[in-house]
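One structure is given here, and the rest of the page talks about it.
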Amino acid sequence: MAMKITALSVYPIKGLRGIELESAQIGPLGIKHDRSFMLYEVHPTTGELKKIQLDTHPKCALFEPHITPGLQDGPSLLVVRYLGRALQGSEAAEEESTIEMPLEPDMSCLEKTDVVLHGSPASAYRMGDSYDTWFSQHFGVPTVLIYLGDGRRPVLGKTLPPKPAQEQQRQGWMSSLTSYITSPQKSDGSSGAWISFSDVAPLMVASEPSLQDVRDRLLNGEPVEMYKFRPNIVVDGEGEDSWAEDFWAELTIGPSGSPQQGTLQLTGNCVRCLSLNVDYRTGKPAEGELGNVLKRLMKDRRVDTGSKWSPVFGRYAFLDSRHTEGITVSVGDSVEVTRRNTERAPNQIHVCRARQLAQPQLHPSRVWAWPRPSGGIWYIMAVEYRESRKGILTALT
């Protein structure tokens, strides 16, 4: 019997609460509008940007977004409400606890800025002072809101769409690398090599049997909700054991022969962090058993040889590159496992930290992960020499 989709979620601003959907458009960058915005904390002295995520900034759990149609058929708006005032018993006006922004801002009016997430750089846009001020007040630290827009973040490591990897194997590694670097890349992400502000892949898939296993681990039957794991697609796992998804390599969504039938390529495990221990009611680390979720998983879910200190829950996925126009999926759609791995594929997503360049005129412009002929990965950085405009390549350590 085929599984079914039981939940779909989009996270327009990375780290904040998600929005449940009944149906979703999925393209090369995942669900439309997923993680197209991101918040960064600004160092008060150096101005250095530090990513804001649940594990380091548990207050993220107190921001509730939703999408609303614009006035008079205008563009849709993203409305974010801060729930912390209610927890503090504040009588603050609603407008002080809510801010709205265009879901697809006009980039021509925004200031460009360079950002890095997990070693993957992108040219993005600052949304502006009014948004920065609002988030700064509620987080209690200097904060900027960033919109990715037409920026492109390269996928690092081996959690890549399968098709490009196969093409690399058919070519010599240097000729393939040269071709990849010199060929134009599509800004809409349709090359399959680009992602939004998601960590390392456009989609994350989770199953309900595995969630039940997590719940069974906690003392006193404390409930753990799926939203803590922040998946995009949840399946009921009908006919599958808990943790069976560790071995899923391909999922087909929709009835056989349907023009809307779609295929997802599952390429890597999702390793977990302290965000699982956050209490979404308080915006703080949870107390009692709900603060031990990560610990309970550490016992026997550190099953990824590539990340041996972190437990696994869920699988990263890409839309199959054959779906050039994207697909639409809905809660209740059938899901079938159409390919399985015989063993767990190790997580090869290693954060790439380029060492500081001594020459200020050297500017890293593009980064790739490339398989070494002898095994392992080279991280390759294209560097632009500002004075001569001459491009060079350097391998990162």
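The values are calculated or read from the model by the stated rules, or taken from the named source; none is laboratory data. Quantities reported herein were computed from a predicted structural model and do not represent experimental measurements. Positions of Cβ are generated from backbone atoms using ideal geometry, with glycine treated the same way; all protein chains shown enter the neighbour counts. Side chains included, ligands, DNA and RNA excluded: accessible areas come from the protein's heavy atoms. Shrake-Rupley method; radii C 1.70, N 1.55, O 1.52, S 1.80 Å.
One table, with the values for the structure above:
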item	result
Of all residues in segment 193-244 being among the aliphatic types (A, V, I, L, M) and part of a loop (DSSP other than H, G, I, E, B), the one that is farthest from residue 54 (Cα to Cα)	193
Hits in segment 105-139 - residues which are of a type outside the set (A, V, I, L, M, F, W, C) and in contact (Cβ under 8 Å) with a residue 40 or more places away in the chain	105, 118, 119, 120, 121, 138
Segments classed as strands (runs of 3 or more DSSP E), wholly inside segment 86-180, with at least 2 members that are more than 21 Å from the chain's Cα centre (by Cα), under 28 Å from residue 63 (Cα atoms) and at pLDDT 85 or above	98-102, 111-117
Those residues of segment 48-69 which are open to solvent by 40 Å² or more (accessible area, probe 1.4 Å), of a type outside the set (Asp, Glu) and assigned to a loop (DSSP other than H, G, I, E, B), in sequence order	56, 69
Some residue of segment 202-212 being β-branched (Val, Ile, Thr), touching a helix residue (DSSP H, G or I) at 6+ places or on another chain (Cβ under 7 Å) and at pLDDT 95 or above	yes
Neighbours by Cβ (under 6 Å, 6+ apart or cross-chain): first from segment 240-268, without any contact (Cβ under 8 Å) to a residue 40 or more places away in the chain; second among the aromatic types (Phe, Trp, Tyr) and open to solvent by 10 Å² or more (accessible area, probe 1.4 Å)	none
Residue list for segment 140-152, restricted to those being touching a residue at least 40 places away in the same chain (Cβ under 8 Å) and either closer than 12 Å to residue 111 by Cα or crowded, with 19+ Cβ neighbours inside 10 Å (or both)	143, 144, 145, 146, 147, 148, 149, 152
Within segment 5-47, tally of residues that are of a type in the set (Gly, Ala, Ser) and surrounded by fewer than 17 Cβ atoms within 10 Å (Cβ to Cβ)	2
Residue, farthest from residue 326 (Cα to Cα), within segment 284-296, restricted to residues that are of a type outside the set (Lys, Arg) and buried (at least 16 other Cβ atoms within 10 Å of the Cβ)	289
Answer residue from segment 242-283, given it is out of contact with any Gly (no Cβ under 9 Å at 6 or more places or on another chain) and charged (D, E, K, R) and is least open to solvent (accessible area, probe 1.4 Å) among those	246
Any hit, segment 106-127, residues being within 24 Å of residue 73 (Cβ to Cβ) and touching a helix residue (DSSP H, G or I) at 6+ places or on another chain (Cβ under 6 Å)	no
